Amino acid sequence: MIPMVDLKRQYHNLKKEIDAAISDVLEQTRFILGPNVSALEEEVAAYHNLSYAVGVANGTDALLLALRACGIGDGDEVITTPFTFIATAEVIALLGATPVFVDICPDTFNINSCQIAERITAKTKAIVPVHLFGHPADMAPVVEIARKHNLKVIEDCAQAFGAKYNGKKVGTIGDVGCFSFFPSKNLAGYGDGGMVITNNKKIAEQVKMLRNHGSAKRYYHKVIGYNSRLDEIQAAIIRVKLKKIDQFNEARRQNAVYYCAAIKSKDIILPTTISDNEHVYHQFTIRAKNRDVLAGALQQKNIASAVYYPVPLHQQEVFLNLYNVSVKLPQSEKCAQEVLSLPMFPELSREEIRFIADVVNHAS
Ligand SMILES: *Cc1c(COP(=O)(O)O)cnc(C)c1O
């Protein structure tokens with residue numbers, strides 16, 4: 001079986017360092033907001049050349065706390081993409097705001113920045129671009145529109161740690177960047193984890209307060225907050241992997257090169273990288289008209305594949321029920337019918353890629 005991601009292979013390669021890191025935490029017994037969380041925060045801030053990084057419980061909370069720290073709340077509108085994981089829009093709704101979905105560019109699967117301006121109203125407070133599958137969203141127009149209309153930009157970087165747009169790392173272009181360390185992400189722990197990065201001191205302080213029951217000083221509470229701290233054991237594990245993240249991302253890019261050379265079928269649309277971007281291939285996602293046939297053929301040969309995402313968010317039951325509006329976002333709807341993600345992880349071998357590509361070529 002070739003899985004979508006083989007976490008065991010990576011663990012075995014890093015076993016000595018990871019086991020030592022975990023056992024260190026157990027010996028130190030500082031389990032909540034201990035030295036590994038602070039060290040990881042400093043290391044992630046330094047990696048991005050930003051002043052602040054705040055560890056939180058997961059990527060969803062990173063978005064939730066960042067949006068709240070940006071002042072998003074009741075009655076506000078937040079522009080985002082419908083072609084993403086539910087969490088991106090869920091947090092907007094959780095804060096009493098309304099997600100406003102803008103269609104995507106089918107080549108990158110990211111928000112179509114040309115269509116943002118027409119959706120701005122007096123209630124619009126923020127834009128949440130998602131760097132889906134590891135390809136940066138088209139940030140220059142997003143930032144320009146945001147500046148013009150005085151909107152905050154919160155980047156959903158859950159799938160794109162280390163990706164670059166015009167030489168700038170994602171998460172450093174808008175006001176705030178939000179990361180997830182869910183086990184299958186490019187940079188990950190062995191459980192849930194997340195982080196918010198920013199150069200804005202106020203936002204960083206707010207997120208720090210919100211993650212710890214609304215308190216900056218122990219037992220003194222300023223606002224209603226959350227219990228949303230990054231776990232110390234996860235931080236220790238992620239620190240080991242952070243040292244290798246550029247190497248891991250490079251291996252993913254190399255694997256994408258192998259895939260693109262080996263998949264020859266004319267019926268397949270391969271992923272592309274827009275110039276001046278550095279893709280990190282969280283997913284290697286192709287498009288095919290006969291997508292389901294292809295998935296079946298792969299399964300026959302014991303190769304995993306996955307559909308991210310089968311239903312765009314504007315068509316999800318939850319949002320149809322909540323807002324009772326039906327919009328047509330044709331590119332998102334088309335991509336949802338055609339996308340198929342193939343196995344992708346740094347340790348995937350060239351032989352495995354050739355084998356997968358052969359099955360794809362024969363089935364399409
Ligand atoms: C994984 C993911 C999230 C949520 O992260 P969790 O750590 O699972 O809460 C948010 N947005 C996107 C695009 C994701 O892929």
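The values are calculated or read from the model by the stated rules, or taken from the named source; none is laboratory data. Everything numeric here is computed off the predicted structure, so don't read it as measured data. Positions of Cβ are generated from backbone atoms using ideal geometry, with glycine treated the same way; all protein chains shown enter the neighbour counts. Keep in mind that these areas ignore ligands, DNA and RNA; they rest on the heavy atoms of the full protein, side chains included. Shrake-Rupley method; radii C 1.70, N 1.55, O 1.52, S 1.80 Å.
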_Condition first: assigned to a strand (DSSP E or B) and open to solvent by less than 30 Å² (accessible area, probe 1.4 Å). Now tell me which residues in the range 20-78 satisfy that._
53, 54, 55, 56, 78
*Does the range 173-193 include one or more residues that are in contact (Cβ under 8 Å) with a residue 60 or more places away in the chain, part of a loop (DSSP other than H, G, I, E, B), open to solvent by 10 Å² or more (accessible area, probe 1.4 Å) and farther than 22 Å from residue 244 by Cβ?*
yes
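Just one of 121, 84, 88 is β-branched (Val, Ile, Thr), in a loop (DSSP other than H, G, I, E, B) and under 25 Å from residue 338 (Cα atoms); which is it?
Working: 121 fails: under 25 Å from residue 338 (Cα atoms); 88 fails: in a loop (DSSP other than H, G, I, E, B).
84 is the lone residue from the list that is β-branched (Val, Ile, Thr), in a loop (DSSP other than H, G, I, E, B) and under 25 Å from residue 338 (Cα atoms).
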*Kindly establish whether residue 214 is within 23 Å of residue 108 (Cα to Cα), in the same structural domain as residue 130 (by TED's automatic domain parsing) and over 17 Å from the mean Cα position of the chain (by Cα).*
no
*asked:* Tell me yes or no: at least one residue of the range 238-251 is in the same structural domain as residue 128 (by TED's automatic domain parsing) and among the small types (Gly, Ala, Ser).
replied: no
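Let's see how each residue does on (1) more than 9 Å from the ligand (Cβ to nearest atom); (2) more than 17 Å from residue 322 (Cβ to Cβ):
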site: 53; (1), (2): yes, yes
site: 65; (1), (2): yes, yes
site: 69; (1), (2): yes, yes
site: 77; (1), (2): yes, no
site: 85; (1), (2): no, yes
_Condition check: more than 22 Å from residue 132 (Cβ to Cβ), assigned by TED's automatic domain parsing to the domain that holds residue 339 and touching a residue at least 60 places away in the same chain (Cβ under 8 Å). Does residue 264 satisfy that?_
yes
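Name the single residue that is farthest from the ligand (Cβ to nearest atom) among those in the range 139-161 being charged (D, E, K, R) and crowded, with 18+ Cβ neighbours inside 10 Å.
Let us first name the residues in the range 139-161 that are charged (D, E, K, R), namely 144, 147-148, 152, 155-156.
The next check asks that each one be crowded, with 18+ Cβ neighbours inside 10 Å; those that pass are 152, 155-156.
Numbers: 152: 17, 155: 10, 156: 5 Å.
Looking at residues that are charged (D, E, K, R) and crowded, with 18+ Cβ neighbours inside 10 Å, I get 152.
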